[in-house]
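Reviewing the structure listed below.
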Amino acid sequence: MTVEDVQHPLVTHFDHHSVDFAHTAIDTVNTLREQAPVAWSDAYDGFWVVTRHDLVSEGFRDFESFSSRKGASIPALSFGSTHIPTSMDPPQHAVYRRILTPWFSQTAMGKREPWMRERVRELVTGLRDRGSWDFVPDLADIMPGTVTLTILGVDPARQQEFLAAMARGMANQGTTDPDVRAEMERDKQWLVDQILAEAADRRATPRDDLMTVLATEQLPDGSKITDAQIIDIVMVLLLAGFHTTSGALTALLVHIEHRPELRQRLMAEPDRIPAAIEETVRLYAPATGMARLVTKDREFGGVRMREGDMAFLLIMAASRDPRQFEDADEMDLDRNNGKSVAFGWGVHRCLGLHLARILLKIQMETIFEVVPDYRIDLERVRLSDTMGIGYLHESVPASIGGAR
Amino acid sequence: MIQVRVDAERCEGNAVCLALAPEVFELDDSGLAYVLPGEPATERQDDVRRAVDGCPREALLLAGE
C-alpha cells in the first residue's frame, strides 16, 4: 500500500485523548506524519487525522470545505454545547468575533499590562517567600483565568470560586466515575447560573466590561445576544484560555531547565523571551488540534474524503513538520514563525494570542527577576496523562536554589 | 478592478488575511500585514473579499469597485 492510493488510506487507532498517546505524544505525531499526511483513525466514530503542515494550514484556510459547525473537538464536547464563535463559519462567525476582538486586542492587552505585571509579581513573590512550590497550580493555572475573568468584569473576590470549578471540570474530563460526573454536572450548572446572574446584573447596571457588552450589545440584525449564546461565549473564553497558556508556560520552564545555556541566555537577553515563547507554542502545542466537518466529497492529501466526515487538523504534528521548519524539533530563537499554525490559522486564529504572548512574557520576566536562582526538580516533573486538548504538565515542582 | 489596502493603525498581525489570500498579503518583519506588489487583488477578488470579511480588526479597506 502507498499513501498515494486514495482508495486505501492508512488506518490507525490514533486517539489523542488516550493515556498511551499522552506518554508518547511527540513521537506519535512525528511518526504518523511521516507514514501518511492524512490517515484514518477508527477511534470514536472515525475521523481523518491531518498531520502535514501545508494540509493543516489549508484545512484551516478553506472554511467552505472544512466547516466548524460540528465544533472543534473530537469527540464532541459535553461541557458546553455549541461554543461561540468557535462552532461558527463565516459570515456569522465574524459578527461574534468582532464583538470579542477589541477586548483581546494587542492594544487592550497593552492597557492591562501594568495590572498583569503587578498580579504576577505578587504571585511570584509569594512563591519566593514559600521557598518551594509547584509552577502548575501556583502560577501557570492562576493567571490566564484571572485575566479572562477580569476582562469579563467578574469581581476579583469571586474569581477563585470560578477558577476552582473550572479546574475540577478540566481535571476530570475523561472520568466515568458517576460521583465525579455528578459533581462536574453541578459545577457546570453553577457556572451557568453565575454567568446568567452576571449578565442580568449588567443589564440592570451596565459597566465598562465585556459582560456588559455581551448582555446589552445589539447585533447587526437588530437582535440581542441570547442568554444561551452568552453561556456559549463565556464558556469558550474560560476554557480556551485556561490550560493553553498554562501549558505553554510550564513547557518553556521545563524546556530551559533541561538546557541551562538557553536559560542563561534568556535571563541575560530578556528581549529574546518572545522568540522563545513562539518556539515553545510551536514545539509543545498548547492546542493539540482542531476538528472540522468535511462539507463535500473531495480528495485531500492523498485520500478521498466524504461529505459528513470529520477531520482532525493535528497542530502538534504540523508544527514539527520538517518540510516547513528546518530542524523542526529544535528550539531556534532566530526562526521565522510567520507561518506557524500553533495559534491556529485563518478566521478562527486564536482570539487570545495577544493575551497569551503578553502574559507569558510577563511571567517569564518576573520569574527571572524575582526568583533568579529557582530550580525545577526535573525528577519529579510529571506530564499530564491527557494530551488531547494540549501539551500539558501535571506537576512542575520548584524551589529556591534547589532546596526542598 | 479592485484595490485593497491595510490600515496600519488597526492591523495587529492576526494573519487572517495571509491565510485567506496568501497571494495578496504578507507579513512584514514587525508581524503586520501588507499588500504584495503588482495589484494582486484584482486577480484574487474572491480571496480578498474573504480576507476583508474575515479580518477580526476590520483593518482591510477595499477601494475601486
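The values are calculated or read from the model by the stated rules, or taken from the named source; none is laboratory data. Remember, it's a predicted structure, so these values are computed and weren't measured experimentally. Cβ placement follows ideal geometry from the backbone for every residue including glycine, while neighbour counts extend to all protein chains displayed. All accessible areas refer to the heavy atoms of the entire protein, side chains included, with ligands and DNA or RNA removed. Shrake-Rupley method; radii C 1.70, N 1.55, O 1.52, S 1.80 Å.
Multiplying the sequence separation of residue A:27 and residue A:157 by 0.36 nm and subtracting their Cα-Cα distance, what value in nm do you get?
This chain segment gains 42.5 nm when fully extended.
List the lysines whose Cα sits under 18 Å from the Cα of residue A:70, skipping any in the same chain fewer than 8 residues away.
Partners found: A:296.
Using only helices, what value at 222 nm comes out for chain B when you add -39,500 (n - 2.57) per DSSP H run of length 4 or more and divide by the total residues, to the nearest 500 deg cm²/dmol?
Values: 3 runs with 19 residues, N = 65.
-7000 deg cm²/dmol, from helical runs alone.
Ignoring everything but the protein chains, give the 1.4 Å probe accessible area of residue A:54 in square angstrom, nearest 10.
Estimated to the nearest 10 Å², residue A:54 gives 80 Å².
Given a 1.4 Å probe and the protein chains all in place, what does the accessible area of residue A:366 round to, in Å² to the nearest 10?
10 Å²
Evaluate E = 1/(1 + (r/R0)^6) for residue A:44 and residue B:29, where r is the Cβ-Cβ distance and R0 equals 51 Å; express this FRET efficiency to the nearest 0.05.
On the way: r = 43 Å, r/R0 = 0.84.
Rounded to the nearest 0.05, the efficiency is 0.75.
Suppose accessible area is computed on protein heavy atoms with a 1.4 Å probe; arrange A:261, A:198 from highest to lowest. Present the calculation step by step, with values, prior to reporting the outcome.
Details: A:261 125, A:198 20 Å².
If we order A:261, A:198 from most to least accessible, we get A:261, A:198.
Mind listing the long-range amide H neighbours of residue A:73? Cut-off is under 5 Å, sequence gap 5 or more, other chains count too, H placed in the peptide plane at 1.01 Å from N.
Amide H neighbours of residue A:73: A:291.
Given a 1.4 Å probe and heavy atoms of the protein chains only, how would you sort B:1, A:290, A:305, A:184, largest accessible area at the top?
Values: B:1 125, A:290 60, A:305 0, A:184 20 Å².
Sorted descending by solvent-accessible area, the residues read B:1, A:290, A:184, A:305.
Mind grabbing the accessible area of residue A:48 for me, 1.4 Å probe, Å², rounded to tens?
20 Å²
So what is Rg over Rh here for the protein assembly as shown, counting just Cα atoms and using Kirkwood for Rh?
Working: Rg = 22.0 Å, Rh = 23.1 Å.
Here the Rg-to-Rh quotient is 0.95.
Quick one: with all protein chains in place, what share of the accessible area of region A:3-400 is carbon or sulfur, to the nearest percent (1.4 Å probe)? Don't skip to the answer; put the middle values down first.
Numbers: 8210 of 16510 Å².
C and S atoms contribute 50 percent here.
Residue A:269 label point, 7 Å along Cα→Cβ, cut-off 14 Å on backbone N: hits in region A:221-261?
Under 14 Å, as judged by backbone N against the label point of residue A:269, lie A:261 of region A:221-261.
Could you identify which residue out of A:254, A:49, A:234 has the top mean-square fluctuation in a GNM of chain A using Cα springs shorter than 10 Å?
Ranking A:254, A:49, A:234 by mean-square fluctuation puts A:254 first.
Tally the DSSP beta bridges in region A:3-400 and give the antiparallel ones as a percent, rounded to 5.
Numbers: 22 of 27 bridges.
Antiparallel bridges make up about 80 percent of those DSSP assigns within region A:3-400.
What total accessible area, in Å², is buried where chains A and B meet, using a 1.4 Å probe and rounding to the nearest 100?
Values: alone 17860 and 4130 Å², together 20460 Å².
Protein heavy atoms only, the A-B interface buries about 1500 Å².
For region A:40-137, which GluC sites (Glu not before Pro) pass both filters: DSSP loop (anything but H, G, I, E, B) and at most 14 other C-beta atoms within 10 Å?
Values: sites: A:58, A:64, A:118, A:122; in loops: A:64.
Sparse-neighbourhood loop GluC sites (Glu not before Pro): A:64.
Let me have the relative contact order for chain A, percent, based on Cα pairs under 8 Å that are six or more residues apart.
29 percent
Using only Cα atoms, find the angle between the long axis of helix B:45-54 and the longest principal axis of chain B, and express it within 0 to 90 degrees, rounded to the nearest 10.
Value to nearest ten degrees: 30.
Using a 10 Å cut-off on Cβ to Cβ distances, tally the other chain neighbours for every residue of B:9-19 and report the average as a whole number. Intermediate values should be presented prior to the final figure.
Details: counts 0, 2, 1, 7, 4, 10, 9, 9, 0, 6, 14.
Neighbouring Cβ atoms belonging to other protein chains average 6 per residue here.
Order the following by accessible area, largest value first: A:111, A:361, A:296. Probe radius 1.4 Å; ligands, DNA and RNA are ignored. If you can, show how the numbers build up before the last one.
Working: A:111 160, A:361 55, A:296 95 Å².
Ranking A:111, A:361, A:296 by accessible area, largest first, yields A:111, A:296, A:361.
Are there any helices in chain A, counted as whole DSSP H runs, that stretch 24 Å or more along their axis by Cα and score at least -0.5 on average by Kyte-Doolittle, and if so which? Present the calculation step by step, with values, prior to reporting the outcome.
On the way: long enough: A:106-130 (35 Å, -1.26); A:178-204 (39 Å, -0.91); A:227-257 (46 Å, 1.33); A:353-370 (25 Å, 0.92).
Taking the DSSP H segments of chain A (at least 24 Å long, mean hydropathy at least -0.5), we get A:227-257, A:353-370.
For residue A:361, which lysines qualify as cross-link partners when the Cα separation must be under 26 Å and same-chain residues fewer than eight apart are set aside?
Of all the lysines, those that pass the test against residue A:361 - Cα under 26 Å, at least 8 places apart if same chain - are A:111, A:339.
Could you check which residue among A:137, A:178, A:372 shows the biggest mean-square fluctuation in a GNM of chain A with a 10 Å Cα cutoff?
A:178
Work out the mean other chain Cβ neighbour count within 10 Å for the residues of B:53-61 and drop it here as an integer.
Mean partner-chain Cβ count within 10 Å for B:53-61: 5.
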